[in-house]
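Working notes, structure below.
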Amino acid sequence: MFITRCKKDRANLQSYTFLILCLLLAQGFWATSRSYERFVCFDVNDVGEQNNGFERIEPWKVVPLDPAYGGQWVAAGDVDGDGQVEIVSAENVNKDDVHYTSTAVAQKLDGTVLWRWGNPDIGRKMWHHDVACQIYDWDGDGKQEVILCTKDYLVELDGSSGQERRRIKINEEATDCLVFCNLSGGKHPGDVLVKTRYGQIWAYDYGGKLLWMVKEPAGYHTAHQPRPIDIDGDGRDEIMAGYALLNPDGTLRWVFQSEKVKQKVGHLDCCRVVREGKKPEDFRLVLTCCGANNIAMVDGTGKTLWEVSGHHFESVDVGKVIPDYIIRESNWWSILTINLSAMGRYGYSMSRESFWVGLLQITAGTIVCWIGPAMESMKSLSEITGLFITIKANV
């Protein structure tokens, strides 16, 4: 009897031990899978000096900017029609945070100057904001123009020669930036938005006719750059003017309302399209809130999907940055945000679902360190011009 009972106790103990081991393994597997799903691939602490086991990111091209007319605002495009990329850099005049473009210079990537425009004696090269100077085929003839906002005027220059083609009279403070869009539903986006620093936006058609003006949309400051988005697929752009999305005629469509921060303390730094869709509900937009220190994902109806607060996220680039072998979904997109600070530029890489991924530090136009996994899409640095850094990503 004693022997039989011992055998039963031993069998029960073995069963319990096996059950406990199964539970522990299941718990470990669950924890591992949860970490995998949340992409906790690494932390954001400085890992120290780079060793020889990692590939060093080097500039693809360094372009010396024209010393008299060049500035730290740089746009890129084929301005002379030779099939090669050129750059246009600009200076501006600033007084009490109201600024206008004062010079522009077009250069080849070897530094050769194609043309110069403006007055190099009145502007500055340093900046802390947008400069209203863009390369764009405004008339849709297949040739690029250079368009800028100088004092009191929107100016169109011939891209190949720099000769002035025309001027459109604008408000004297509507020189903060310019954005091209399609408000009329035509075949070519020929409308243009100009704005003051934080208060007003004006919309003009290609001929210079004023379409509408809005002041502090929905009671909030304007964004640094209004963002055109055809959210309903009708061929006309809605405009993310700040925290408010405007219809093509300038009327209010919806307003983003944060559940975490007080939006009144600042403004919308930027809006980027993470995903397009056939209907507004399918869109995904990422918004960064200056002053409120917040980043949020919303759909095309303004519904908030998630928010992360506590950092000044500033500008955003969207792309497929995380390598496929780390993630399960091939359509997972990463959000690279740039935080401008006195200590340099810091990029916070986040997944579409707001999980923290990594940290990129940039100082004085040089990538200091990338704290994160080795990834093919981050190995190719396309160009550095002035302080502007563009990173090729698989999109």
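Read-outs: derived from the displayed coordinates by stated rules, not from any lab. Computed from a prediction, not measured in an experiment: that's the story for all the values here. Backbone-built Cβ (ideal geometry, glycine too); neighbour counts: all protein chains shown.
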Assuming R0 = 22 Å, can you tell me the calculated FRET efficiency for the pair residue 110 and residue 151, based on Cβ-Cβ distance, to the nearest 0.05? 0.10
Expected output is a single nm value to one decimal: the length gained when fully extending between residue 122 and residue 305, i.e. 0.36 nm times separation in residues minus the C-alpha distance. What is it? 61.2 nm
Given backbone amide H placed at 1.01 Å from N, residues whose amide H is under 5 Å from that of residue 74, ignoring those fewer than 5 places away on the same chain, are none
Please give the FRET efficiency for residue 158 paired with residue 97, using the beta carbon to beta carbon distance and R0 = 41 Å, rounded to the nearest 0.05. 0.85
Within 11 Å, Cβ to Cβ, of residue 164, how many net charges do the neighbouring residues add up to if Lys/Arg are +1 and Asp/Glu are -1? 0
What is the sum of charges around residue 269, taking Lys and Arg as +1, Asp and Glu as -1, for the other residues whose C-beta is under 12 Å from the C-beta of residue 269? 0
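Determine the alpha carbon to alpha carbon distance for each of 195/303; 61/278; 215/279 and list only those over 30 Å.
On the way: 195/303 27 Å; 61/278 39 Å; 215/279 28 Å.
Those over the limit are 61/278.
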Give the dimensionless ratio obtained when the Cα radius of gyration of the range 206-246 is divided by 2.2 N^0.38 Å. 1.24
On a full-extension model of 0.36 nm per residue, what is the gain between residue 68 and residue 139, subtracting their alpha-carbon distance, rounded to one decimal in nm? 22.6 nm
Förster-model FRET efficiency, 35 Å R0, residue 184 and residue 58, C-beta, rounded to 0.05: 0.20
